[in-house]
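Visitor: Here it is, the structure in full.
Read-outs: derived from the displayed coordinates by stated rules, not from any lab. Computed from a prediction, not measured in an experiment: that's the story for all the values here. Cβ placement follows ideal geometry from the backbone for every residue including glycine, while neighbour counts extend to all protein chains displayed.
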Amino acid sequence: MKRPSEMTRAELVAEVLRLDGEATDGPWFVGSDNQYGINVSGIFSEHRNTDSVRTLIVETGGEFCDLEEKDADAIAFYRTAAPRLARDNAMLRARADWLLARIVTEEWPGHGDDCHCRTCKAIAAMFDVLEDANND
Ligand SMILES: [Zn+2]
């Protein structure tokens, strides 16, 4: 599998949404919870298991896991934020496609890929941002 830094934005969006679909349901949070009578700190999902206990993703500060809380914060935050940003990116791409389709049809004759007006340049710049492969 490619590393995220090697992926195009479209590949990143697809991979984030695939992982979102396969991972334990979010949102995730960092905190403490009573797990079968034992107080546990770590990353939890709001999702509850069959015993109606919040799902522990990973323990922080445990005897066998030295995941620091600052890293746990990042993981839990990204788990919720990344799918939302991926869906936003896909929605913006669809709207840009729709807008370009309107421009290259008879609705705005003379505009499109070869036009250098400010509107067409702005749309081209938007596509550059959405399609930019590896320049981050
Ligand atoms: Zn134009």
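Visitor: Which cysteines does the chain leave without a neighbouring Cys Cβ under 4.7 Å?
Guide: Cys65, Cys117
Visitor: Would you pull out the residues with amide H under 5 Å of Gln35's amide H, same chain only if 5 or more places away, H placed 1.01 Å from N?
Guide: Placed amide hydrogens put Val40 under 5 Å from Gln35.
Visitor: Right, another one. Please report the net charge: other residues with Cβ closer than 13 Å to the Cβ of Gly31, K and R +1, D and E -1. Please report the intermediate quantities before stating the final value.
Guide: Details: positive: Arg54; negative: Asp33, Glu46, Glu59, Glu69, Asp73.
Charge balance near Gly31 sits at -4.
Visitor: Write out the GluC sites (Glu not before Pro) in the range 25-119 meeting two conditions: DSSP loop, and at most 15 other Cβ atoms within 10 Å of their Cβ.
Guide: Those satisfying the criteria are Glu63, Glu68, Glu106, Glu107.
Visitor: Going through the range 1-100, which trypsin sites (Lys or Arg not before Pro) have at most 16 other Cβ atoms within 10 Å and a DSSP loop state?
Guide: Those that pass, being in a loop and sparsely packed, are Lys2.
Visitor: Ok, one more. Which of the chymotrypsin sites (Phe, Trp or Tyr not before Pro) found in the range 19-87 are in a DSSP loop and have at most 11 neighbouring Cβ atoms, other than their own, within 10 Å?
Guide: Tyr36, Phe64
Visitor: In terms of modelled amide H atoms, which long-range or inter-chain residues lie less than 5 Å from the amide H of His47?
Guide: Residues meeting the amide H criterion: Thr55.
Visitor: Here's a follow-up. Using the Karplus curve 6.51 cos²θ - 1.76 cosθ + 1.60 with θ = phi - 60°, what ³J(HN,Hα) values do you get for each residue of the range 110-120, in whole Hz, with x for Gly and Pro?
Guide: x, 9, x, 4, 8, 8, 10, 6, 5, 5, 5
Visitor: Could you list which residues have their amide H under 5 Å from that of Leu67, counting only those 5 or more apart in sequence or on another chain, with H placed in the peptide plane?
Guide: When sequence neighbours closer than 5 places are left aside, the close amide H contacts are Gly61, Gly62.
Visitor: Calculate for the chain the 222 nm mean residue ellipticity that helices alone would give, adding -39,500 (n - 2.57) per DSSP H run of length 4 or more and normalising by residue count, nearest 500 deg cm²/dmol.
Guide: Working: 3 runs with 64 residues, N = 136.
Dividing the helical sum by the residues of the chain leaves -16500 deg cm²/dmol.
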